[in-house]
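Worksheet: the structure to be examined is printed underneath.
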Amino acid sequence: MAAPAELSGLSDEAAYGACSEPDASTKDFLLQQTMLRVKDPKKSLDFYTRVLGMTLLQKFDFPTMKFSLYFLAYEDKNDIPKDKTERTAWTFSRKATLELTHNWGTENDENQSYHNGNSDPRGFGHIGIAVPDVHKACKRFEELGVTFVKKPDDGKMKGLAFVQDPDGYWIEILNPNHMVTLT
């Protein structure tokens, strides 16, 4: 009986070969948002603004469907338009926003939790936040009582960390300049 073949990912050639040239009609497309469901918006908004330094761009309520959306990003609060129509168009034109979705009442349900995708069945993994100094950011997170999945000096991939938000979603903390040493 032959030994099983060793597992590996795609070669660079195979990966690039699997890609198509973007159609010209997609030239102005952008990745605008990633949505996470949250149990308690007060805890989540505190975490993403106070701990991670994001800004709440806009909140939308949908009373007939009993849910709210909170859009956050790394934007200067002073750049947010005051006019609601302008603000909405501006919010949805930002790159890489985080959309927190709160289904009303989940904050009072002790049995309610969301799957973070990092246990079976695996799926969604994490979002990533680029910081100037991973160790300095993690020292601050530690002082704030943030839960760590991986600290910067743990494991095989040194210099990056993973923390958890109040719902258990993983957040990679990385320095773009350090990533070149990991790849």
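The values are calculated or read from the model by the stated rules, or taken from the named source; none is laboratory data. Here the structure is a predicted model, which is why all the values come from computation and not from measurement. Here the Cβ positions follow ideal geometry from the backbone for every residue, glycine too, while neighbour counts run over all protein chains shown. For the accessible areas, the whole protein counts, side chains as well, though only heavy atoms, and no ligand, DNA or RNA atoms are used. Shrake-Rupley method; radii C 1.70, N 1.55, O 1.52, S 1.80 Å.
Taking the condition over 23 Å from ARG37 (Cβ atoms) and of a type outside the set (D, E, K, R), does PRO132 pass?
So PRO132 passes the test.
So, ASN103, is that one farther than 16 Å from TRP170 by Cβ, without any contact (Cβ under 8 Å) to a residue 40 or more places away in the chain and polar (S, T, N, Q) or not?
So ASN103 fails the test.
Scanning for something at pLDDT below 95 and within 19 Å of the chain's Cα centre (by Cα), does region 75-84 turn up at least one residue?
The answer is no, given that none of the residues of region 75-84 is at pLDDT below 95 and within 19 Å of the chain's Cα centre (by Cα).
Kindly list, by first and then second residue, each pair from a residue in region 122-139 that is free of Cβ contacts under 8 Å to residues at least 60 places away in the same chain to a residue that is open to solvent by 70 Å² or more (accessible area, probe 1.4 Å) and in a helix (DSSP H, G or I), limited to pairs with Cβ atoms under 7 Å and residues at least 6 apart or on different chains.
So the pair list comes out as ALA130/PRO176.
May I ask you to list pairs of residues, at least six apart or on different chains, whose Cβ atoms are under 6 Å apart, with the first in region 66-89 being over 27 Å from TRP104 (Cβ atoms) and the second being of a type in the set (A, V, I, L, M, F, W, C) and part of a helix (DSSP H, G or I)?
These pairs meet every condition: PRO81/TRP90.
So which pairs qualify, if the first residue must be in region 1-25 and aliphatic (A, V, I, L, M), the second must be in a loop (DSSP other than H, G, I, E, B) and surrounded by 10 or more Cβ atoms within 10 Å (Cβ to Cβ), the Cβ gap must be under 9 Å, and the two must be at least 6 apart or on different chains?
Cβ pairs passing all conditions: ALA18/LEU10.
Within region 109-125, take every residue that is more than 23 Å from LEU30 (Cα to Cα) and open to solvent by 70 Å² or more (accessible area, probe 1.4 Å) and give me the one that is nearest to the chain's Cα centre (by Cα).
For region 109-125, the residue satisfying everything is HIS115.
Here is a check on your reading of the model: is GLY123 at positive phi and part of a loop (DSSP other than H, G, I, E, B)?
In short, no.
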